[in-house]
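Remarks on the structure that follows.
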Amino acid sequence: MSELTGALIARIQGIEDRLAHLETLEYAALAGALWVRGANGGVRTVYIPRKDVADGVATAVFSVTTTDEAGDNDAGHYAVWVLALASQGDSVTAARTASMSAQYMWTRSQRDTGEGVTSAVLEIAQTAGAATLPAFREIGGIALATTEVSEYVVNVEFTVSAIGTNKLQLGVSCWVVLDYHLYTTPPVITAL
């Protein structure tokens, strides 16, 4: 076998390996989650499907859970970025619809015992509302807050405010990206 033939075979094998890796990532993304893990951390990406919410009422939409490991082995850090979509009108036959989107981020640090601190939530951006008939149905705003249920569970709550004479069918969905360091068991994102 010539040197050129060997190089071509090695190159084709490299392309096949890369294709297999990309297909694995594609299947994970189609399943609604992507998880990439390194030696000291990783990234999780999860889509949280639309959840109905009441006008002006804080509603837990997803949670982030870390593990209470045996002994004092619970230290770690994570940062969360959220891309949210709030909407009114829950049918393809809805005559009046409205929407608004927003971006948020925050971080949490935990020590070896699990005791932790969550930063304040930063709203990065919020769009104006888009409504087919604002006087009838419109989104007035979206707010995100975190609630520490325990040292190991943080709930993420959305408050969506509606405007107009017909405040029905409010909902919110989001993409969540979680970057973490250190944890023995990676954090888990769960739709509520």
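The values are calculated or read from the model by the stated rules, or taken from the named source; none is laboratory data. Nothing here was measured: the structure is a model prediction, and the numbers come from that model. Note that we place each Cβ from the backbone using ideal geometry, even for glycine, and neighbour counts take in every protein chain shown.
Checked against (1) in contact with a Lys or Arg (Cβ under 6 Å, 6 or more places away or on another chain); (2) crowded, with 19+ Cβ neighbours inside 10 Å; (3) β-branched (Val, Ile, Thr), residue 160 passes all but a single condition, namely (1).
When segment 157-166 is filtered for residues that are touching an Asp or Glu at 6+ places or on another chain (Cβ under 9 Å) and either outside the structural domain of residue 81 (by TED's automatic domain parsing) or in a loop (DSSP other than H, G, I, E, B) (or both), only 164 remains. Elements of the type strands (runs of 3 or more DSSP E) sitting completely within segment 75-138 and holding at least 2 residues that are small (Gly, Ala, Ser) and farther than 30 Å from residue 181 by Cα: these cover 76-88, 98-110.
Aliphatic (A, V, I, L, M) and at pLDDT 90 or above: does that describe residue 135?
For residue 135, the condition - aliphatic (A, V, I, L, M) and at pLDDT 90 or above - is not met.
Checking 172, 117, 149, 154 one by one, the residue that is aliphatic (A, V, I, L, M), closer than 26 Å to residue 91 by Cβ, modelled with pLDDT of 95 or more and assigned by TED's automatic domain parsing to the domain that holds residue 61 is 172 and no other.
Being surrounded by fewer than 20 Cβ atoms within 10 Å (Cβ to Cβ) and on the phi > 0 side of the Ramachandran plot is not true of residue 89. Can you find a residue that is among the aliphatic types (A, V, I, L, M), more than 30 Å from residue 130 (Cβ to Cβ) and modelled with pLDDT under 95 anywhere in segment 38-54? Yes, there is a match, as at least one residue in segment 38-54 is among the aliphatic types (A, V, I, L, M), more than 30 Å from residue 130 (Cβ to Cβ) and modelled with pLDDT under 95.
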